[in-house]
Amino acid sequence: MQTQPRPRRAQPPGPLASGVHAAVKKNLKTPPPILASDVLREDLAPIEPGRNASRLWDAGAAVLYLGVGICLRFNLGVRGLAPQASAICLAAAAACGATALVPFPYLWRAIVGGFVGAVVVTLGLFGSGPLALLTAPDSNAWVETLRVVTCVVVPAALLFRSHYRAYRRGRALLGVAFALAVPFLIHEAIAMSHGAPIARVAAALGLIGALSGLFAFMASPTTATTAWCAQALTALLALDLGLRQLYAPALSGAGPIAYALTAVAFFTSVVPMALGLFQTLAAIYAPDARLVDVHLPSNPSEEASIPSD
């Protein structure tokens with residue numbers, strides 16, 4: 001016996017807007033929430049820190065090199081050298097400008113910028129280029145090499161410490177940097193005891209700028225202050241060179257602002273070297289630094305004060 005199926009009762013039609021809302025809800029995908037731990041990890045262990053800042057600095061370095069090169073072209077600094085210091089500045093300006101405009105990978109930009117600065121500094125240590133007066137009049141290549149090392153390794157370690165505050169190896173790298181800077185700091189301390197008064201002031205400023213970086217050994221140094229210490233160290237040691245304009249004897253073949261241009265060229269050269277070293281360290285240690293438990297207190301005293309269950 002066959003039975004006819006009971007017809008289903010028709011449902012009343014729903015509003016037109018409900019179908020639209022259902023389609024919209026079906027197509028929309030809710031993005032995953034940003035966890036507080038992810039934000040904290042990016043703050044304590046960033047990936048590629050200073051990427052945009054390095055491009056801005058490369059552009060600024062290109063302008064500074066260009067300005068120094070123009071001054072040297074008008075015989076305001078060292079002259080009578082082969083190769084011409086102005087030509088070296090213009091070549092360095094072009095290289096820095098290229099690194100600022102060309103979308104290099106993070107690590108390659110760091111290496112190229114540091115290489116340009118290292119070439120200019122190396123020429124200066126051998127008495128050529130815009131830093132030809134680096135070892136004059138009372139200094140020597142050994143002392144100025146120590147100055148360059150101090151201006152590169154200590155600021156690089158300070159920047160690394162400021163961006164990776166929860167990473168314990170950052171404090172160890174900072175200790176190694178200060179150990180490398182000890183010979184130059186001893187030289188600056190000795191220079192404070194003799195020589196012209198302005199020379200003593202310049203040495204004292206350089207020593208103060210270097211010792212200000214000891215602040216970064218604290219358990220949780222602030223990012224802004226630690227970065228400021230790195231900038232102050234480089235600026236004060238460059239100022240030490242520029243103040244020679246006031247007490248150093250005038251040399252044959254040197255223009256009226258030769259030492260001041262030497263200071264600007266020195267600052268422009270060592271900063272990309274320090275940034276290059278910092279970004280190289282960041283590229284090497286960032287993956288390991290991101291494994292740090294962001295929920296653990298960075299201060300050992302805070303960890304000891306937490307009661308155990």
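The values are calculated or read from the model by the stated rules, or taken from the named source; none is laboratory data. As the structure is a computational prediction, the values presented were derived from the model and not from experiment. These area figures cover heavy atoms from the full protein model, side chains too; ligands, DNA and RNA do not enter into them. Shrake-Rupley method; radii C 1.70, N 1.55, O 1.52, S 1.80 Å.
Counting only heavy atoms of protein chains, what accessible area per residue, in Å², does region 101-202 have with a probe of 1.4 Å?
Values: 4480 Å² over 102 residues.
Per-residue accessible area for region 101-202 comes out at 44 Å².
Largest first, how would 139, 252 line up by accessible area (1.4 Å probe)?
Values: 139 30, 252 120 Å².
Ranking 139, 252 by accessible area, largest first, yields 252, 139.
I need the phi-derived Karplus couplings for region 137-142: 6.51 cos²θ - 1.76 cosθ + 1.60, θ = phi - 60°, integer Hz, Gly and Pro marked x.
Along region 137-142, the couplings run x, 10, 9, 8, 5, 5 Hz.
What is the ratio of the Cα radius of gyration of region 92-241 to 2.2 N^0.38 Å, with N the residue count, to two decimals?
1.11
What does the extension gain come out to for residue 246 and residue 172, with contour length at 0.36 nm per residue minus their alpha carbon separation? Present the calculation step by step, with values, prior to reporting the outcome.
Details: separation 74, 0.36 × 74 = 26.64 nm, distance 3.92 nm.
That pair, residue 246 and residue 172, stretches by 22.7 nm at full extension.
For region 51-126, state the semi-axes of the equivalent ellipsoid (square roots of 5 times the eigenvalues of the alpha-carbon gyration tensor), sorted largest first and rounded to whole angstrom. Before the final figure, lay out each step's value.
Values: eigenvalues 119, 34, 13 Å².
Largest first, region 51-126 gives 24, 13, 8 Å.
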